[in-house]
1. What length, rounded to one decimal in nm, is gained on full extension from GLU62 through to ASN177, with 0.36 nm per residue of separation minus their alpha-carbon distance?
2. Need the list of lysines near LYS153 for cross-linking: C-alpha distance under 20 angstrom, and skip anything on the same chain fewer than eight residues off.
3. If each of GLU5 and ALA215 carries a label point 7 Å out from its Cα toward its Cβ, how far apart are those two points in nm?
4. Once both axes come from the Cα atoms, what is the angle between helix 144-153 and the longest principal axis of the chain, in degrees from 0 to 90, rounded to 10?
5. Once every Cα of the chain carries one equal point scatterer and solvent is ignored, give the base-10 log of I(q)/I(0) from the Debye formula at q = 0.12, 0.14 Å⁻¹, two decimals.
6. Can you pull the three principal axis extents for the Cα set of segment 14-139, in Å, largest first?
7. Per 10 Å bin from zero, what fraction in whole % of the C-alpha pairs of segment 19-66 is there, up to the bin with the longest pair?
8. Mind checking the full-extension length gain between ARG79 and GLU23? Use 0.36 nm per residue of separation minus the Cα-Cα distance, one decimal, nm.
Amino acid sequence: MTQDELKQAVAQAALAYIETKLEDDTVLGIGTGSTANLFIDALAPHKGRIEATVASSEASAERLRSHGIPVFDLNAVDRVDFYIDGADEANRALQLIKGGGAALTREKIVAAVAREFICIADDSKLVHTLGAFPLPVEVIPMARSHVARELVKLGGDPVYREGVVTDNGNIILDVHNFAIAQPLGTEEKINNITGVVTNGIFALRPADVLLLGTASGVKTLY
Ligand code: 5RP
């Protein structure tokens, strides 16, 4: 199976996973990226059963609206029942690296609110140690050089993602050559650098379920 077919399979599996749990007033959090896009497309025929969604990016909000699916501001809902999103890397503790699509801050906010975070990914994303994928860090623009120097002190090799402005008006530094042996501590340490908005380690709030697309079918990891 191709990577796209595996992504399609986990998008369908996520729909099946939530379908039995949908209530009349279910609020869905929707992530960002190619796997999340496939989930949005799979959700479209069932839009009559969806009370509200909140989106982790302007791009996903636009795609949801293009299907006629209602999108709300997070402040207009009192809860998010399920958050469905992809990942750049996942380990067996369901700790993730996210932010390849530069949406990490809004993704982290929606994940923080969600009662259940369902991560969907093809099996190329499953790793033993996080960090082969360069870690995205969202930074206030004037703090770019300061934050980069602090990331070098932590042992990483930050690279400015040229031409990218996040939905929040900030920039992204991608930290290369940075094996993350202690995801919890590293997430906290980077967040404590002045000028960092957030970083792409999702360990303080990992996924609750990982639906992993493999050649032998979709596996469910808890
Ligand atoms: C966007 C993300 C995405 O979830 C991550 O980049 C995975 O993307 P894809 O599903 O296209 O492989 O974190 O900020």
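1. Between GLU62 and ASN177, full extension yields an extra 37.9 nm.
2. LYS189
3. My value for the distance between the label points is 1.1 nm.
4. Orientation of helix 144-153: about 80 degrees from the principal axis.
5. The Debye formula, applied to the Cα set alone, gives -0.61, -0.82.
6. In descending order, the Cα extents are 41, 32, 24 Å.
7. Computed distribution, short to long bins: 26, 60, 14.
8. 18.8 nm
The values are calculated or read from the model by the stated rules, or taken from the named source; none is laboratory data. Note that the structure is predicted; figures quoted are calculated from it, not measured. Every residue, glycine among them, receives a Cβ derived from its backbone with ideal geometry; neighbour counts consider all protein chains shown. Ligands, DNA and RNA are excluded from the accessible area calculation, which covers all protein heavy atoms including side chains. Shrake-Rupley method; radii C 1.70, N 1.55, O 1.52, S 1.80 Å.
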